[in-house]
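In what follows, a single structure is set out as structure tokens and then discussed.
Just so you know, all these numbers are worked out from the coordinates, no wet-lab data involved. Every value quoted in this text rests on a predicted model; they were computed, and no experiment measured them. Positions of Cβ are generated from backbone atoms using ideal geometry, with glycine treated the same way; all protein chains shown enter the neighbour counts.
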Amino acid sequence: MKAGEDQLKQWMIGGLSGDAAAHASLLRAIVPLLRVFYQRRCGSQAEFVEDLVQEVLIAVHTRRATYDVSRPFSGWLFAIARYKMIDHFRRNGRTVAMDDIEDVALADDFEASSIARLDVNHLLDTLPAKQAHAIRATHIDGLSVAEAADRAGIGQSDIKVSVHRGIKALAARIRGDA
């Protein structure tokens, strides 16, 4: 049986409430999801898949109190899985060739979009509200500068400047300059 997002979230919430059976069901259900996640990304290092799965299971168990029940469970789970994989690659000195980076970055299921949404929201939350709003409106919601300005009740040049400054600040954060 393949559990969906709603079922996984229910089990997680049950586990947080002290339901041992729900917690055990959750851990059993996420094992195949994690295996697929790692098998698609580890390629020639597939022998480490089970080690990574176990590391994530331990992290899910020990860090379960950090889960925000108002957020999607899969985003939280796959963020942990991604960080465990990054830690593994760092420990073992694995790098990805630039030609292969697109293959590594592509994902065809909900986990990648959840992680991306969480990452973007986290980055935008580090900006002043005006800049974050302008970037969300123009680059995420797809509004034109004029539409974003009308929605915010400010001038178009103000939107352009806010987007420019916000993107510049985000780029500096990503580079580690700020």
Self-check item: Under 15 Å, Cβ to Cβ, from A149 - net charge with Lys/Arg +1 and Asp/Glu -1
Solution: 0
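Per-residue counts of other Cβ atoms within 10 Å, averaged by peptide: what ranking do you get for 132-142, 167-177, highest first?
For the peptides 132-142, 167-177, the packing ranking is 132-142, 167-177.
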Quiz item: Where does the charge balance sit around A137 when Lys and Arg score +1, Asp and Glu -1, over other residues with C-beta under 15 Å from its C-beta?
Solution: +1
